[in-house]
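Engineer: The structure is given below, and queries will be raised subsequently.
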Amino acid sequence: MTRTVYVNGDYLPETEAKVSIFDRGFLMADGVYEVTSVLDGKLIDFDGHAIRLERSLGELDMRNPISKEDLLEVHRELVRANEINEGLIYLQITRGSDGDRDFAFPDPETTVPTIVMFTQNKPGMADSPASKKGAKVISIEDIRWGRRDIKTVQLLYPSMGKMMAKKVGCDDAWMVEDGFVTEGTSNNAYIVKGNKIITRALSNDILHGITRAAVLRFAREAQMEVEERNFTIDEAKEADEAFTTSASAFVMPVVEIDGVALGDGTPGRIAPRLREIYLDEMRKAAV
Ligand code: PMP
């Protein structure tokens with residue numbers, strides 16, 4: 001099926017959507033993005049994504065070309081036009097094009113940002129077999145830039161990390177800086193010891209996951225203990241459980257780290273429970 005996508009105010013068949021070769025997103029990775037999941041044809045945590053988008057744009061001195069109301073309307077129209085029941089909506093805003101290439105930012109008065117949105121249909125996403133099996137991760141050095149709290153489209157190193165994992169038969173990579181785990185290539189990372197969930201505290205070192213915020217809230221509500229602090233790969237290998245969170249994979253159990261099985265090598269008790277709570281609560285609050 002040819003998707004209907006959104007480009008700068010227009011809904012178009014994907015084959016007709018165009019962006020300039022001078023767009024700074026293309027030339028400089030000068031852009032930010034969000035991925036919002038759709039369950040039962042409704043948007044999960046739309047507000048969280050809209051707020052983080054605003055923050056990412058602000059940190060980069062980029063103008064937001066769309067109001068929150070219009071953004072919600074476009075998300076809903078894309079869900080409707082593409083008949084998405086379970087899937088994702090990708091949104092990207094770049095600094096646009098002033099018709100040439102220059103390191104200096106173009107004048108924001110005359111250069112409008114580019115906004116692109118498209119859907120990805122993922123039937124069965126909530127009930128994925130991968131989440132029942134759990135993920136195997138490797139550890140790699142985190143050599144990304146220092147503003148990982150901004151959700152930019154500079155995703156080359158995370159893509160390379162994913163490929164390093166695939167090459168050795170694993171699913172993902174956890175990145176390590178100064179001996180401590182920062183996050184997964186496209187998710188936040190957690191370990192579990194007893195009833196305690198341990199995850200790195202928020203800073204410029206990691207993306208402030210929208211799913212992270214919701215999952216930690218639900219964990220606390222369920223009387224689980226949450227400790228926001230650094231942890232090492234060695235500590236993770238000895239944990240009872242581990243998991244990751246992201247808007248596209250929700251809560252994903254991790255069953256192996258650098259070839260070492262956690263517990264009995266199957267998803268533990270806490271991660272699957274958090275996944276269930278997260279999906280239940282977020283479906284209820286979906287818009
Ligand atoms: N960290 C990184 C590096 C990511 O790319 C993502 C997903 N975009 C996350 C964490 C998880 O964020 P969220 O829960 O908002 O999807």
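Engineer: For LYS42, give me every one of the aspartates and glutamates with a C-alpha distance below 20 angstrom, ignoring sequence neighbours fewer than eight places off in its own chain.
Structural biologist: GLU34, GLU69, ASP70, GLU73, GLU77, GLU83, GLU86, ASP127, GLU276, ASP280, GLU281
Engineer: Need one number: nm distance between label points at LYS167 and ASP61, each 7 Å from Cα along Cα→Cβ, rounded to one decimal.
Structural biologist: Output for this residue pair reads 3.8 nm.
Engineer: Helix by helix through the chain, keep the DSSP H runs that span 15 Å or more along the axis on Cα and average at least -0.5 on Kyte-Doolittle, and give those back in order.
Structural biologist: 156-167, 210-221
Engineer: Order of ASP264, ASP98 from fewest to most other C-beta atoms within 10 Å?
Structural biologist: Ordered by Cβ neighbours within 10 Å, fewest first: ASP264, ASP98.
Engineer: Under a crude label model (7 Å from the Cα following the beta-carbon direction), how far is LEU155 from PHE103 in nanometres?
Structural biologist: According to this spin-label approximation, the distance is 2.7 nm.
Engineer: Could you tell me which of the pairs LYS151/LYS237; LYS133/LYS196; LYS122/LYS193 are separated by over 24 angstrom between their Cα atoms in the structure shown?
Structural biologist: LYS151/LYS237; LYS122/LYS193
Engineer: Do the sum for the chain: with -39,500 (n - 2.57) for every DSSP H run of n ≥ 4, divided by all residues, what is the mean residue ellipticity at 222 nm, to the nearest 500 deg cm²/dmol?
Structural biologist: -8500 deg cm²/dmol
Engineer: Let me ask something else about it. Convex hull volume of the Cα atoms in the stretch 4-121, per residue, in Å³?
Structural biologist: Here the figure is 95 Å³ per residue.
Engineer: Starting from the amide H of TYR190, placed 1.01 Å from N in the peptide plane, find each other amide H under 5 Å away whose residue is 5 or more places distant or on another chain.
Structural biologist: Close amide H contacts, sequence-distant or interchain: PHE243.
Engineer: Quick check on the exposure proxy: order VAL5, VAL260, VAL181, VAL112 from fewest to most C-beta atoms within 10 angstrom.
Structural biologist: VAL260, VAL112, VAL5, VAL181
Engineer: Also, quick follow-up: Cα centroids of the stretch 112-141 and the stretch 2-77: how far apart, whole angstrom?
Structural biologist: 17
Engineer: Given Cα pairs under 8 Å that are at least 6 residues apart, what percent is the relative contact order of the stretch 129-285?
Structural biologist: Computed value for the stretch 129-285: 26 percent relative contact order.
Engineer: Using 29 Å as the Cα-Cα cut-off, could you pick out the over-long pairs in LYS68/LYS132; LYS136/LYS284; LYS18/LYS132; LYS68/LYS284; LYS167/LYS284?
Structural biologist: Cα-Cα > 29 Å for LYS68/LYS132; LYS136/LYS284; LYS18/LYS132; LYS167/LYS284; rest within.
Engineer: Does the stretch 129-285 come out rounded, prolate or oblate, given a ≥ b ≥ c as the square roots of the eigenvalues of its C-alpha gyration tensor, rounded meaning a/c under 1.5 and, failing that, prolate meaning a/b above b/c?
Structural biologist: It is rounded, given that a/c, with a ≥ b ≥ c, falls under 1.5.
Engineer: Over the chain, with a Gaussian network built from C-alpha contacts below 10 Å, which listed residue (ARG200, ARG95, ARG80) shows the highest mean-square fluctuation?
Structural biologist: ARG80
Engineer: By count of other Cβ within 10 Å, fewest leading, how are GLU86, GLU221 ordered?
Structural biologist: GLU221, GLU86
Engineer: Further question on the same structure: What shape does the stretch 50-185 take by its C-alpha gyration tensor, where a ≥ b ≥ c are the square roots of the eigenvalues and a/c under 1.5 counts as rounded, a/b above b/c as prolate, and the rest as oblate?
Structural biologist: Oblate is the answer for the stretch 50-185, as a/c is 1.5 or above yet b/c matches or exceeds a/b.
Engineer: Counting Lys and Arg as +1 and Asp and Glu as -1, what is the net charge of the other residues whose Cβ lies under 15 Å from the Cβ of ARG273?
Structural biologist: -1
Engineer: Sorted by mean Cβ packing within 10 Å, highest first, what order do the peptides 205-212, 229-236 take?
Structural biologist: Going by the mean number of other Cβ atoms within 10 Å, highest first, we get 205-212, 229-236.
Each value in this text was obtained by applying a stated rule to the coordinates, not by laboratory testing. Quantities reported herein were computed from a predicted structural model and do not represent experimental measurements. All Cβ positions, glycine included, derive from the backbone under ideal geometry; neighbour counts span all protein chains shown.
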